[in-house]
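Report on the structure given below.
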Amino acid sequence: MLEMFEKKQSFEKFESKVWLSSPTMYDDSMKYVMEAYETNWMSTVGKNIDEVEAMVCEKVGCGHSVALSAGTSALHLAVKLAGVKPGQKVFCSDMTFSATVNPITYEGGIPVFIDTEYDTWNMDPVALEKAFELYPDVKVVVVAHLYGTPGKIDEIKAICEKHGAVIIEDAAESLGATYKGIQTGTFGDYNAISFNGNKIITGTSGGMLLTDDEAAADKARKWSTQARENAPWYQHEEVGYNYRMSNVIAGVVRGQLPHLEDHIAQKKAIYERYRDGFKGLPVSMNPIDFENSEPNYWLSCMILDKDAMCKQVRGEQDALYVPEHGKSCPTEILDAIASINAEGRPIWKPMHMQPIYRMNPFVVRDGNGRARTNAYISGTVTDVGMDIFSRGLCLPSDNKMTAEQQDRIIEVIRACFD
């Protein structure tokens with residue numbers, strides 16, 4: 001890394017690391033874990049699983065839920081339920097974690113990436129409509145809600161209904177977020193949430209498939225237990241998976257779910273402290289569409305103004321920047337907060353920029369609303385996801401971070417613009 005000779009300042013390090021987003025554990029979680037232990041229900045059946053499935057249905061407002069080993073497992077089963085076959089194209093969010101996309105390839109499908117829009121940092125409905133003009137036979141769309149902020153659901157649903165496409169909603173990051181008063185995880189035909197260790201509610205691992213289709217839920221439950229048939233021996237008539245959630249993990253989730261609203265309030269306070277603390281800097285926070293939605297504030301993110309960016313170059317695994325008075329970049333800011341023992345991260349690198357998916361179709365809109373389909377047009381002004389990735393970063397958002405710790409992080413970031 002280039003020496004920050006002009007701006008180098010010394011800030012006191014935190015004794016304990018301030019994490020991006022770590023699990024917040026409660027006594028009740030251990031109580032339910034111990035209940036699984038003491039009753040010897042340690043496998044993939046038990047009261048904790050039954051209770052968690054019922055609790056999530058009540059909280060989110062879905063008809064049926066299937067507790068699984070991961071959010072990725074839920075997305076995979078959702079892709080199967082949607083009927084994706086080898087060689088079929090599937091539209092999906094571009095700026096997201098690879099777990100949104102990889103399950104399409106598990107079934108032999110071909111992801112077609114839809115560019116992001118600035119209003120919510122989620123799938124651009126205009127680009128989605130253009131994608132259907134280019135690929136009218138596509139019948140499945142996978143939509144993610146980035147960092148806990150819902151996308152433009154009404155527009156996306158209307159487009160999918162017009163073209164007869166099934167929606168798979170990746171609500172892994174948005175549990176508890178609402179769009180027009182309705183919880184995310186209910187807008188698709190098949191929906192997924194995650195209880196990964198850094199999510200707003202965690203089981204340390206785990207996830208769920210959510211749907212209003214009882215037959216689909218039963219099918220997913222069967223597939224998740226190796227597709228065992230109802231026979232007195234191990235009978236298998238189709239391929240299955242070892243995807244069921246453990247009753248122990250479900251115990252952790254069971255103890256956490258009653259605290260969802262508390263976690264959202266804590267995350268919201270963190271977001272607002274950053275927003276207020278950055279006043280006067282050439283930056284803005286990740287957008288929130290208050291007119292239509294209430295996010296869960298899972299991660300607080302920031303994006304630098306274009307004219308406030310110093311020179312920054314990113315390779316496949318490394319980054320360099322040139323320090324400049326009055327300017328900064330995500331690489332410099334991440335280095336600065338890491339120097340005081342705090343964890344930040346880059347924005348999700350868009351899928352069309354990933355080596356494994358660079359040859360996949362990628363649909364954007366330009367100033368005239370036209371679509372482009374070659375991933376190698378990256379770098380044009382219309383490539384919104386790449387622009388946000390270049391200028392944005394995720395800030396330490398742990399709900400156990402104190403106001404004093406956050407104030408020091410804000411101070412360190414402000415110093416990057418000196």
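Readers should treat all values here as calculations from the given coordinates under stated rules, not as data from a laboratory. None of these values were measured; they are calculated from a predicted model. Please note: Cβ atoms are built from the backbone with ideal geometry, for glycine as well, and neighbour counts cover all protein chains shown.
Tabulated values for the structure
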{"item": "10 Å-binned pair-distance histogram of region 27-257 (Cα, whole percent)", "result": "9, 34, 35, 17, 5, 1"}
{"item": "Residue-span extension gain [D307 to R275] - 0.36 nm each, minus C-alpha spacing", "result": "9.6 nm"}
{"item": "Positive minus negative residues near S21 (Lys, Arg vs Asp, Glu; Cβ under 12 Å)", "result": "+1"}
{"item": "Residue exposure sequence - I193, I182, I153, I288 - by fewest surrounding Cβ within 10 Å", "result": "I182, I288, I153, I193"}
{"item": "Karplus-derived HN-Hα couplings along region 119-127 (A = 6.51, B = -1.76, C = 1.60, θ = phi - 60°), whole Hz, x at Gly and Pro", "result": "4, 10, 6, 10, 3, 7, x, 5, 5"}
{"item": "Sum of side-chain charges, P396 neighbourhood, beta-carbon under 10 Å (Lys, Arg +1; Asp, Glu -1)", "result": "0"}
{"item": "Prolate/oblate/rounded label for region 278-360 (Cα gyration tensor, a/c 1.5)", "result": "oblate"}
{"item": "Centre separation in Å (Cα based) which lies between region 162-193 and region 62-125", "result": "12"}
{"item": "Set of region 382-401 residues, backbone N closer than 20 Å to the point 7 Å along the Cα-Cβ line of D119", "result": "382-389"}
{"item": "Sequence of F417, F290, F195 once ranked by neighbouring C-beta atoms within 10 Å, starting from the fewest", "result": "F290, F417, F195"}
{"item": "DSSP-assigned coil residues among chymotrypsin sites (Phe, Trp or Tyr not before Pro) in region 5-95, each with at most 10 further Cβ atoms within 10 Å", "result": "F5"}
{"item": "Förster-model FRET efficiency, 35 Å R0, E238 and E15, C-beta, rounded to 0.05", "result": "0.05"}
{"item": "Two-site FRET efficiency, N341 against N198, from Cβ-Cβ distance with R₀ of 25 Å, rounded to 0.05", "result": "0.90"}
{"item": "Neighbour net charge for A144 - beta-carbon separation under 11 angstrom, K R +1, D E -1", "result": "-4"}
{"item": "Student exercise, the chain dipole from Lys, Arg, Asp, Glu Cβ charges, in Debye to nearest 20", "result": "620"}
{"item": "Exposure proxy ranking, count of Cβ atoms within 10 Å, fewest first, for M95, M25, M309", "result": "M25, M309, M95"}
{"item": "Cα shape, region 270-310, gyration tensor, a/c 1.5 rule", "result": "prolate"}
{"item": "Percent of beta bridges antiparallel (DSSP, region 90-194, rounded to nearest 5)", "result": "20"}
{"item": "Residue among V142, Y241, Q88 farthest towards the positive dipole end of region 27-257, charges placed on Cβ", "result": "Y241"}
{"item": "The chain shape via C-alpha gyration tensor axes, a/c threshold 1.5", "result": "oblate"}
{"item": "Using θ = phi - 60° and Karplus 6.51 cos²θ - 1.76 cosθ + 1.60, couplings along region 10-16 (whole Hz; Gly, Pro as x)", "result": "10, 10, 5, 7, 6, 5, 10"}
{"item": "Segment D27-E404, length gained on full extension (0.36 nm per residue, minus Cα span)", "result": "133.1 nm"}
{"item": "Charge-dipole axis of the chain as Lys and Arg at +1 and Asp and Glu at -1 on Cβ define it, positive-most pick from A269, A54, P287", "result": "P287"}
{"item": "Beta bridges per DSSP with both ends in the chain, % antiparallel, nearest 5", "result": "60"}
{"item": "Spatial separation of Cα centroids for region 349-367 and region 202-255, in angstrom", "result": "33"}
{"item": "Beta bridges per DSSP with both ends in region 27-257, % antiparallel, nearest 5", "result": "45"}
{"item": "Rough spin-label spacing in nm, given labels placed 7 Å along Cα→Cβ, for T225 and T39", "result": "1.6"}
{"item": "Region 1-106: radius of gyration and largest Cα-Cα distance (Dmax), Å", "result": "21.6, 63"}
{"item": "Expected 222 nm ellipticity per residue - DSSP helices of 4 or more, -39500 (n - 2.57), all of the chain, to 500", "result": "-9000 deg cm²/dmol"}
